[in-house]
1. Looking only at the stretch 41-68, filter to residues that are part of a helix (DSSP H, G or I) and open to solvent by less than 30 Å² (accessible area, probe 1.4 Å); which one of those is farthest from residue 329 (Cα to Cα)?
2. Conditions: (1) open to solvent by 40 Å² or more (accessible area, probe 1.4 Å); (2) under 30 Å from residue 244 (Cα atoms). Residue 110 meets all but one. Number of the miss?
3. Under the condition of being part of a loop (DSSP other than H, G, I, E, B) and open to solvent by less than 40 Å² (accessible area, probe 1.4 Å), which residue from the stretch 170-205 is nearest to residue 307 (Cα to Cα)?
4. Does the stretch 125-142 contain any residue that is over 18 Å from residue 90 (Cβ atoms) and touching a Ser or Thr at 6+ places or on another chain (Cβ under 7 Å)?
5. Within the stretch 85-103, take every residue that is assigned to a loop (DSSP other than H, G, I, E, B) and of a type in the set (Val, Ile, Thr) and give me the one that is nearest to residue 300 (Cα to Cα).
6. When residue 167 is evaluated against the numbered criteria (1) over 22 Å from residue 85 (Cα atoms); (2) part of a helix (DSSP H, G or I), which criterion, by number, is the only one it fails?
7. List the pairs whose first member sits in the stretch 88-107 and is among the basic types (Lys, Arg), whose second member is part of a loop (DSSP other than H, G, I, E, B), and whose Cβ atoms are under 7 Å apart, counting only residues at least 6 apart or on separate chains?
Amino acid sequence: MTSRHDSGTRPPHTIRRGVSLYSFQEEYFLRTLTVEQCVAAAADMGAYGIEIIPEQSIPGHPTLPEAFVADWHRWMGRYGTTPTATNAFLDTKLHPGRMLTLDEQTARVRREIDIAVALGAPIVKATVNFPPEVMAAVAPYAADRGVRVLLEVHAPFHYEHPWIQEHLAVMHRAGPDVLGLMPDMGIHVRRFPRVVSERALRDGADPRLVDYIVRTYDDHGDTHALMDIVNYRGGGPVETGLARQATHYIWSDPRDMLDHMAFIHHIQAKFYEMPDDKAEYSIPYEDIVPVLVDGGFDGYLSSEYEGNRHIQDAFAVDSVEQVRRQQRMLARLLGETT
C-alpha cells in the first residue's frame, strides 16, 4: 500500500504512521502470529514504522540473539518497514527486600539502549516509573550511542504533574536530542472505554453502579471519590475495581502538547475500540491529529491497541482488524489518499 499527502485538504506535515507490536499481543501470545507476521500486517496497512517491546518479542531477552537481529533486519528490508522505537521496562523491585540501586538501574537501561542500537531503532521508550535520576544518568550514554530516551507520559500522569515536571527539568538540561517525551494518547480519554465497562457487566457488576461510574467519568466528575461511593452503595470487588480504573483514565486537552513539542518525538496512539474506521470510541483523534500538525510534530503515530484484554473473555480478538481500522482513520485525518 502506498500513499501520498493531499496538501489540498491538510496543511503540510511530516507525520508518519506506525504500529507498536504490543497491539498484537493476543495473537503473538497464542502463537497465531509470529513477529514477522506482525511486521507484515503493519506494512500491509501502510503503517511502516515498527515499534517493538524486546521483553515481549525477543526470545531470550535480555540476551539479544544474533539470529533474531539478522531476521529483524531482513524483515525490515522485505516489508519496507523502519524500526521506530523499542520499549524498556525498569524492574526496580527485582530483588526481594530492596530496590535496585541507581547504578543497577542505569546498567539495565544502558543494556536496553544497546538493544535499540542493534535493531536500528533511534528511540527507547522509558516507562513512566523511570526515576528522573536514572534518565539523567543514562543521558550521556544515550548521546554517545545516538539514541533518544523518551519518557512515556501515561495516564494518570500529565504534563503539570510534579513527577513529569521533575523529568522535564532533567530533559531541558540534557536537550531534546537526547531525552524527551512519548505521550500516550490514553491521557486524552474523553469517554469511559465501553469495552471496559461492558466487561465489568459480564463479570457480574451491578448495572446501576457501572452506569454511575461511567456517567461520573464522562461528566468529568470527581472520580477520586468513586471507590468510597461504590463501597457505601454496597459494591463488591468488580464494582470497586471499575471505580479504581476510572481514576487511571484522564481527560486532558490535546493542545497541552504544544508547550512541549520540542521534546515530543514519538506518539503512542493508544486505543481501546474502533467500532469502524471513522473514530475511536473514547479518544478523539479528530482533535488530537490537528494539534500535532499545528505543532510541527515530526515523528510516528504508533498504534497501541489495548482493547484485547477487555473482550477476550467473551469474543474472538482480531487485533489486526482493530489496528487496520485505526490506521485508516489516521490516514484520513493526516490527509493521505491511498
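1. Here the answer is 68.
2. So the condition that residue 110 fails would be (2).
3. That would be 193.
4. No, because not a single residue in the stretch 125-142 is over 18 Å from residue 90 (Cβ atoms) and touching a Ser or Thr at 6+ places or on another chain (Cβ under 7 Å).
5. 92
6. (1)
7. So the pair list comes out as 93/99.
One line per residue, one yes/no per condition, for (1) at pLDDT 95 or above; (2) among the small types (Gly, Ala, Ser):
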position: 50; (1), (2): yes, no
position: 53; (1), (2): yes, no
position: 58; (1), (2): yes, no
position: 67; (1), (2): yes, yes
position: 71; (1), (2): yes, no
position: 76; (1), (2): yes, no
position: 79; (1), (2): yes, no
position: 82; (1), (2): yes, no
position: 91; (1), (2): no, no
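The values are calculated or read from the model by the stated rules, or taken from the named source; none is laboratory data. Everything numeric in this text was worked out from a predicted model, so none of it was measured. Because the Cβ atoms are built from the backbone with ideal geometry, glycine has one as well, and the counts that use them run over all protein chains shown. For the accessible areas, the whole protein counts, side chains as well, though only heavy atoms, and no ligand, DNA or RNA atoms are used. Shrake-Rupley method; radii C 1.70, N 1.55, O 1.52, S 1.80 Å.
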